[in-house]
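The values are calculated or read from the model by the stated rules, or taken from the named source; none is laboratory data. Just so it is clear, the model here is predicted, and its values are computed rather than measured. Please note: Cβ atoms are built from the backbone with ideal geometry, for glycine as well, and neighbour counts cover all protein chains shown. For accessibility, only protein heavy atoms count, side chains too; no ligands or nucleic acids. Shrake-Rupley method; radii C 1.70, N 1.55, O 1.52, S 1.80 Å.
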There are 2 protein chains.
Amino acid sequence: MDKNIPYKTYLEESEMPKQWYNVRADMKNKPAPLLNPATHKPMTAEELGVVFCDELVQQELDDTTPYIDIPQEIQEFYKMYRPSPLVRAYCLEKALGTPAKIYYKFEGNNTSGSHKLNSAIAQAYYAKKQGLKGVTTETGAGQWGTALSMACAYFGLDCKVFMVKVSYEQKPFRREVMRTYGASVTPSPSDTTNVGRKILAEHPGTTGSLGCAISEAVEVAVGSEGYRYVLGSVLNQVLLHQSVIGLESKAALEKIGVKPDIIIGCAGGGSNLGGLISPFMGEKLRGEADYRIIAVEPASCPSFTRGKYAYDFCDTGMVCPLAKMYTLGSGFIPSANHAGGLRYHGMSSTLSQLYDDKLMEAVSVEQTSVFAAAQQFARIEGILPAPESSHAIRVAIDEALKCKETGEEKTILFGLTGTGYFDMVAYQKFNDGEMTDYIPTDEDLAKGFAGLPKI
Amino acid sequence: MDKNIPYKTYLEESEMPKQWYNVRADMKNKPAPLLNPATHKPMTAEELGVVFCDELVQQELDDTTPYIDIPQEIQEFYKMYRPSPLVRAYCLEKALGTPAKIYYKFEGNNTSGSHKLNSAIAQAYYAKKQGLKGVTTETGAGQWGTALSMACAYFGLDCKVFMVKVSYEQKPFRREVMRTYGASVTPSPSDTTNVGRKILAEHPGTTGSLGCAISEAVEVAVGSEGYRYVLGSVLNQVLLHQSVIGLESKAALEKIGVKPDIIIGCAGGGSNLGGLISPFMGEKLRGEADYRIIAVEPASCPSFTRGKYAYDFCDTGMVCPLAKMYTLGSGFIPSANHAGGLRYHGMSSTLSQLYDDKLMEAVSVEQTSVFAAAQQFARIEGILPAPESSHAIRVAIDEALKCKETGEEKTILFGLTGTGYFDMVAYQKFNDGEMTDYIPTDEDLAKGFAGLPKI
């Protein structure tokens, strides 16, 4: 053990962030604005206000204010499950025999099982503040839906979740957690919306997709008095709320006098990665420090590493604004053997711009190697990680092993976004040696790109 | 919020206990010794050493040493997931409108999902130290089996788990967590042991019981070179290891200047309750302080409140030593509608003696009211509790509501032993309004008592 560096570093409650950090304020090249899908003009606050809560719209559009106060009520809720620990992976270092120093920020110590609660509680708060009756959303792997159910229960809001049908059927326990928190959960596509009926008619027997569930949730929000739609990733506002991960990580590292060399996060829509890296990226943007930042995505859904940087639909039903992002096309669906989340076709506009500006790297990894890392980590560090988080573990281990070869004592920080307790079907496949990989062919990707709007 | 009392109090790693506390040392009336089932004479260390690891046998028999050093390796492992937080339930207090101050010690923030890991790592450590190849055990709800799998993976020991068949079938995900940690899991009763085959022949179609799984695990341990049997509750050694819960709780409370009036824990075999209360009970035994201590058990398995204090078999196959305890008879099996753990027919000898000496109280609660408390707690405090833990929540809420009536500002501490992520079948029953209660009739109990040995 390093002297004075404990296994786990917790901030005092008084040291917890009181403001979120908005990385866009420090970006020279701002993320491209959302466009109206009909006019192709930037969405106005008024237009966005039909779908989103007013104060969240302000946060979505604000690319100049660096720090935004965290309302007191949200700070209180954060204290129920935060600060999350910054863990020194002493056991993993020893098992790998690496001179690297490995830290992870563990966001799984709450019932939602992931970092998603950080933004869910914020979005529920603003909905409550606006006097709304409830919110609608979609969920894929189920972490976001669970988080939002918890947040809505806390504020007494109704919560309608459209859950991708394949997850609804394969993860009945996730569904029950949401129901325990009082949410209604509908498998998507459903016959309760126009867009759902249309998709069912066109693709009978479909098991659904995130893009489709988004369309249904938006339709219900727009068509119901006193409801708005909320989203767990991709959006600027979500990255803003998730900055609490990076701010806490940075404060905890400073408390023990450590500066990371490499920061690693898994990337699906970008909520965790964007939150984890934001204050570090801010330093980098302001020229105060340099970090190597690595986004890790599944080889089966490689939006950064093989996608196009273009305006695209955010949803299958094409009812949402257009976003400029690294994307595989809104029609892209990962192959059926892909386990867990990180399956969205696009990537946060903010992260897309930062990646395009070469301020961060991206790598893709195959899922059998991801689950091998997950199992190794579980046995050594005692935490059974979510499949999503395990993408970051894979690359953290790989980087630590490189250090073993070169003898470099690099300091690695990665985001351990959550736990895998509801992903045991995937673990079982891995345990039984039945898990497979699939990398989309160029032809597979071409089909997705063909659906990109002409802008 | 009370000034200076945070939501969560964590000890520093340097403040974590370095010794376990052995409450038996302070008991005037010692717990009755284990008896050889053939001779009815107290089990010797030599006899016990056939079944248990040598150093654990010493701990089992030692009723005079008040403090026993926690080996450095176990302290290091504890640092991976401990200290566990002492939480002030501000949100619950507010929702109940009670003047009571409610604290809980949360043991669910580790992958085993419960406090069981505290003893599992200790037992695995001593097995490793003795140079054994592996250990065998039984598991019911699955928390203990998961904890032991994690501990064995850490020390590179083989781990054979006999899982009560009904749990094996209803909780495939628990099984997969154990397999992910490298354990072999066999549904019990099985045809791999003599006792299993005998039980299957006598009760074809049985879904198993803890008592039966214990018999199988003991048989395999005794019959295999380099193996010993380990147990997750009931035994003195387990209560010793679990004292870390109470010691941390007491240290954290002292750190914030709080003294509890009432201490509440759920009770199955007694591992959590015994651990939580031990240092407080020690003060009580030494006349240094007084506390009201309440054991909460299921009305469907009421060993304290309706059992007999007598010598009984610890297992169905009657291969284990006899223990004097509050018991429903080794043939007692809770009704099929009973969800979760707390289903063992007997109770820790140490706790039985303390209860018989009127140093603690016991109440029984019905499961629908337990799940109502669980749901309420989940929505308010953000943690989805295990069914077992929710027994303590039920009574903590009841006591807080009594304070509301009387206006008393009592301080309540309860043990939140774990999370319910693998208990969603039971939650689903509750959510669907299909959960039922069953209180055994006097005739049901008489059948169990009829099987008590004549000693």
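Brief remarks follow.
- Here chain B is assigned +1 on the Cβ of each Lys and Arg and -1 on the Cβ of each Asp and Glu. Its dipole about the Cα centre then comes out at about 280 debye.
- Averaged over peptide B:50-59, the number of partner chain Cβ atoms lying within 10 Å of each residue's Cβ comes to 0.
- For segment A:4-99: accessible area per residue (Å², 1.4 Å): 43
- For chain A, adding -39500 (n - 2.57) for each run of n ≥ 4 DSSP H residues and dividing by the number of residues yields -13000 deg cm²/dmol at 222 nm.
- DSSP-defined antiparallel bridges as percent of all bridges, the protein assembly as shown, nearest 5: 35
- Accessible-area ranking of B:Asp26, B:Asp432, B:Asp423, largest first, probe 1.4 Å: B:Asp432, B:Asp26, B:Asp423
- Per-residue average of Cβ from other chains inside 10 Å of A:424-431: 5
- Alpha carbon Rg of segment A:1-97, scaled by the compact-globule rule 2.2 N^0.38 Å: 1.60
- Cysteines (scope chain B) whose Cβ has no counterpart Cys Cβ under 4.7 Å: B:Cys53, B:Cys91, B:Cys212, B:Cys266, B:Cys301, B:Cys403
- Reported to the nearest whole Å, the Cα centre-to-centre distance from segment A:377-452 to segment B:149-166 is 25.
- Label-point gap, in nm, between A:Lys198 and B:Lys255 - each point 7 angstrom along Cα→Cβ: 5.7
- Two-decimal Rg to Rh for chain A - Kirkwood Rh, Cα set: 0.94
- Karplus-based coupling profile of segment B:35-49, in residue order and whole Hz: 10, 5, x, 8, 9, 6, 9, x, 5, 8, 4, 5, 5, 5, x, with θ = phi - 60° in 6.51 cos²θ - 1.76 cosθ + 1.60 and x standing for Gly or Pro.
- Across the identical copies, the label point of B:Gly407 (7 Å from Cα in the Cβ direction) is separated from its matches by 7.6 nm, in order from shortest.
- Protection proxy ranking, highest mean first, for peptides B:378-385, B:252-259: B:378-385, B:252-259, where packing is the per-residue count of other beta-carbon atoms within 10 Å, averaged.
- Legend: translational diffusion of segment B:271-426 by Stokes-Einstein, Rh = Kirkwood radius over C-alpha pairs, 20 °C, 1.002 mPa s; D = 129 µm²/s.
- FRET efficiency for A:Asn29 and A:Thr305, using Cβ-Cβ distance with R0 set to 22 Å, rounded to 0.05: 0.60
- With every protein chain in place, chain A: carbon and sulfur % of accessible area (1.4 Å): 51
- Most simply put, chain B has about 35% antiparallel DSSP beta bridges, counting only bridges with both residues inside it.
- Principal semi-axes of the equivalent ellipsoid, √(5λ) from the alpha carbon gyration tensor of segment B:78-205, are 34, 21, 11 Å from largest down.
- When the protein assembly as shown is described by a simple charge dipole with +1 on each Lys and Arg Cβ and -1 on each Asp and Glu Cβ, the residue from B:Gln376, B:Asn431, B:Leu285 located farthest towards its positive end is B:Leu285.
- Sorted on the mean count of surrounding Cβ atoms within 10 Å across their residues, most packed first, peptides B:314-322, B:27-35, B:211-219 read B:211-219, B:314-322, B:27-35.
- Normalised by residue count, segment B:132-192 yields a Cα convex hull volume of 65 Å³ per residue.
- Using only side-chain charges placed at the Cβ, +1 for Lys and Arg and -1 for Asp and Glu, the dipole size of segment A:1-146 relative to its Cα centre rounds to 560 debye.
- The alpha carbon centroids of segment A:10-36 and segment A:185-262 are separated by 18 Å.
- Axis of helix A:236-255 versus longest Cα principal axis of chain A: the two differ by about 10°, to the nearest ten degrees.
- Averaged over B:375-385, number of beta-carbon atoms from partner chains that fall within 10 Å: 5
- Distance distribution note for the protein assembly as shown: the fraction of Cα pairs above 51 angstrom is 17%.
- Cβ charges +1 (Lys, Arg) and -1 (Asp, Glu), total dipole of the protein assembly as shown, debye: 180
- Of the GluC sites (Glu not before Pro) in segment B:1-94, those whose Cβ has at most 16 other Cβ within 10 Å and which sit in DSSP loop: B:Glu12
- Summary for B:Asn337: label point 7 Å along Cα→Cβ; distances to the equivalent points in the other copies, ascending, 4.6 nm.
- Pairwise Cα distances in segment A:362-444 exceed 20 Å in 38 percent of cases.
- Legend: calculated FRET efficiency, A:Asp398 to A:Tyr67, from the Cβ-Cβ distance at R0 = 30 Å, rounded to 0.05, equals 0.30.
- Cut-off under 5 Å, modelled amide H: who pairs with B:Met163 long-range: B:Thr139, B:Thr186, B:Ser188
- Of all DSSP beta bridges in segment A:268-409, antiparallel share, percent nearest 5: 55
- Two-site label geometry, B:Lys41 and A:Ser184: point separation in nm, points 7 Å out along Cα→Cβ: 7.2
- Calculated FRET value between A:Lys454 and B:Arg286, using beta carbons and R₀ = 56 Å, to 0.05: 0.10
- Translational diffusion of segment A:195-273, µm² s⁻¹ [Kirkwood Rh, Cα pairs; Stokes-Einstein; 25 °C; 0.890 mPa s]: 155
- Sorted from closest to farthest, the other copies place their A:Glu169 label points 2.4 nm away, with each point set 7 Å from Cα along Cα→Cβ.
- By the rule of a C-alpha distance below 18 Å, with chain neighbours fewer than 8 residues away ignored, the aspartates and glutamates paired with A:Lys3 are A:Glu93, A:Glu254, A:Glu409, B:Glu12, B:Glu13, B:Glu15, B:Glu73, B:Glu76.
- For B:Gly317, residues with placed amide H under 5 Å, excluding near neighbours: B:Ser215
- A straight line joining the Cα centroids of segment B:55-95 and segment A:268-340 runs 43 Å.
- In sequence order, calculated HN-Hα J values of segment A:272-280 (Karplus, 6.51, -1.76, 1.60; Hz; x Gly/Pro): 6, 4, x, x, 5, 8, 3, x, 6
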